[in-house]
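Contents: one structure, followed by commentary.
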Amino acid sequence: MAVACEVFGTDRSADGIPSWDFAVCLTSAGPIQARGGAFSIDSPHGLARADVADLLIVPAWPEAAGDPPEPMVRTLRAAVERGAWVLGYCSGTFALAAAGLLEGRRATTHWWYEERFRARFPEVDLHPDVLYVAEPPVLTSAGTAAAIDLSLHVIRLVDGPEVANALARRMVVPPHRDGGQAQYIERPLPDDATCRDLGGLLGWMTEHLAVELTVEELARQAHMSPRTFARRFRAETGTTPHHWLTGQRVLHAQRLLETTHLDIDRIAERCGFGSAATLRHHFIGWVGTSPQQYRRTFRRTAS
């Protein structure tokens, strides 16, 4: 619940970040005891407030307690029927599944609950190896940190990537994390502390993505022999120079698709792919969708 309050309930309008009309709604009269018993939670809002919301979040659900109460089930179902989005964080996916919202859908939950979830809801297409599954109107995430990832993704869809990035900076978290839902995942530069010998070179590489960069040229920039450079690069980044460059070029293409009106050919040139066909080949391989579809998704959701 703290994730929902932090992302959607904190007023940062003074920093240019749009505010959300946020409320905590209880299914019965409060106060209710928080997990662990350290404090209690109360709110003046009940399900009537949730009945008019555009976005509902079930932040957790004690899966051992069984199905949610029928009034809550009706609220969740009615939300989807009227076009609202419903999010389930972690064990909150149990409540969504019990309400029948995940039948035949792709979803995820915390890996800890995988066996129990599959046993109770075999009709759900469960993917426990991803951070979140964002297929509106029902969206689900794995553990606590993944709830942040999904929340920022929703901000990205509704308020735009610049707002999501600004909010991530305020929260001191990456705008996107590696692992699952590849089309919305950024592969950030390793920092200088991680790559003691190559940190400066990696920055130089990202500034020259439009240029053809060979291992020999990169080795000269690093003042190493090509063989030593290739070995050192893999040791410090876990991959080859070509693979790393391709990932950064795809990431740059994502940003250009999100924030500019450049045509695909021009984006391919700026990212060092040379042609739209080459860009499309690598983009689909890394992101799982085409550049055109990626751009349509963000333009449609932002508008």
Of the residues Ser43, Ser91, which single one is free of Cβ contacts under 8 Å to residues at least 60 places away in the same chain, more than 22 Å from Val130 (Cβ to Cβ) and polar (S, T, N, Q)? Ser43
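Quick grid of which residues meet (1) more than 23 Å from Ala23 (Cα to Cα); (2) assigned by TED's automatic domain parsing to the domain that holds Val7; (3) surrounded by 16 or more Cβ atoms within 10 Å (Cβ to Cβ):
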position: Pro68; (1), (2), (3): no, yes, yes
position: Arg74; (1), (2), (3): no, yes, no
position: Leu87; (1), (2), (3): no, yes, yes
position: Ala95; (1), (2), (3): no, yes, yes
position: Glu103; (1), (2), (3): yes, yes, no
position: Glu115; (1), (2), (3): yes, yes, no
position: Arg118; (1), (2), (3): yes, yes, no
Taking segment 32-65 as the search range and keeping residues that are charged (D, E, K, R) and either over 29 Å from the mean Cα position of the chain (by Cα) or modelled with pLDDT under 90 (or both), which one is nearest to Val138 (Cα to Cα)? Glu63
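Every residue, every condition in (1) at pLDDT below 90; (2) in a helix (DSSP H, G or I); (3) surrounded by 15 or more Cβ atoms within 10 Å (Cβ to Cβ), yes or no:
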residue	(1), (2), (3)
Ala210	no, no, yes
Glu216	no, yes, no
Arg220	no, yes, no
Phe229	no, yes, yes
Arg234	yes, yes, no
Thr239	yes, no, no
Leu245	no, yes, yes
Arg249	no, yes, yes
Inside segment 56-66, can you point out the residues that are over 14 Å from Ala78 (Cβ atoms) and touching a strand residue (DSSP E or B) at 6+ places or on another chain (Cβ under 6 Å)? Ile57, Val58, Pro59
Kindly indicate whether Glu135 is touching a strand residue (DSSP E or B) at 6+ places or on another chain (Cβ under 9 Å), closer than 20 Å to Gln254 by Cβ and not aromatic (Phe, Trp, Tyr). yes
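The values are calculated or read from the model by the stated rules, or taken from the named source; none is laboratory data. Since this is a predicted model, take the numbers as computed values, not measurements. FYI the Cβ positions are ideal-geometry reconstructions off the backbone, even for glycines, and counts take in every protein chain you see.
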